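Colleague: One structure, as structure tokens, below. Some questions next.
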Amino acid sequence: MKTVIFFAAGAEPLDRLELEGAAVVGDLLALVKERGIDVAELLIFKEDDDEPLEHHHPLHGHDHPVFHAHRCRKVDVTVHYKTEALKHKFAPSATIAKVTRWAVERAGLGKEEAEEHVLQIHGSRVQPPQNAHLGSFAGESCAVVFDLVRKKLVQG
């Protein structure tokens, strides 16, 4: 048995699922369906991959077996920085780190300045962890809006 980590939209890790060494995406979907989740339109992505996996794709043989399930093929991302609204589409399996790298590059921030910025969900103070999946914040709308803000530095 091998372990894969599985994330579902809008949730913490659904589970660390134990699957046989020869397991494929279809096996993962069957296991998720047994747990009462509707898998009819569910797409499975490997973390940070742009395209969903086919049902016959093996789940093992990856250095980092982390997968994300979502009903959206792409998530419309808007990042507000100063007076700009930067827009791009990402797979729901994209990590916040990947989106942050894109945003700081598009905003034209230098390396030092980029390290001082993080994404924050627009209209809130929530700063998602860098290893979180974008799809966890997109929900059914297949869209998410962030602000690119300076990190809060603790001084003392």
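Computed from the coordinates by the stated procedures, all read-outs in this text should not be read as laboratory data. Model, not experiment: these values are computed from the prediction. Ideal geometry is used to build each Cβ from the backbone, glycine not excepted, and the neighbour counts take in all protein chains shown.
Colleague: Relative to the compact-globule scaling 2.2 N^0.38 Å, provide the ratio for the alpha-carbon radius of gyration of region 75-150.
Modeller: 0.98
Colleague: First measure r as the distance between the Cβ atoms of residue 130 and residue 37, then evaluate 1/(1 + (r/R0)^6) with R0 = 22 Å and state the FRET efficiency to the nearest 0.05.
Modeller: Between residue 130 and residue 37 the formula returns 0.25.
Colleague: Right, something else. With an 8 Å cut-off on Cα pairs and a minimum separation of 6 or more residues, tell me the relative contact order of region 16-156 in percent.
Modeller: Relative contact order comes out at 23 percent.
Colleague: Also, quick follow-up: Loop only per DSSP, at most 16 neighbouring Cβ atoms within 10 Å: give me the GluC sites (Glu not before Pro) in region 30-60, ordered by residue number.
Modeller: 41, 54
Colleague: Express in nm, to one decimal, how much length is gained between residue 49 and residue 87 on full extension, taking 0.36 nm for each residue of separation and deducting their alpha carbon distance.
Modeller: Contour length minus Cα-Cα distance gives 11.8 nm.
Colleague: Please turn the phi angles of region 18-28 into ³J(HN,Hα) values with the Karplus equation 6.51 cos²θ - 1.76 cosθ + 1.60 (θ = phi - 60°), one per residue in order, whole Hz, x for glycine and proline.
Modeller: Using θ = phi - 60°, the values come out as 9, 10, 4, x, 9, 5, 10, 3, x, 5, 4 Hz.
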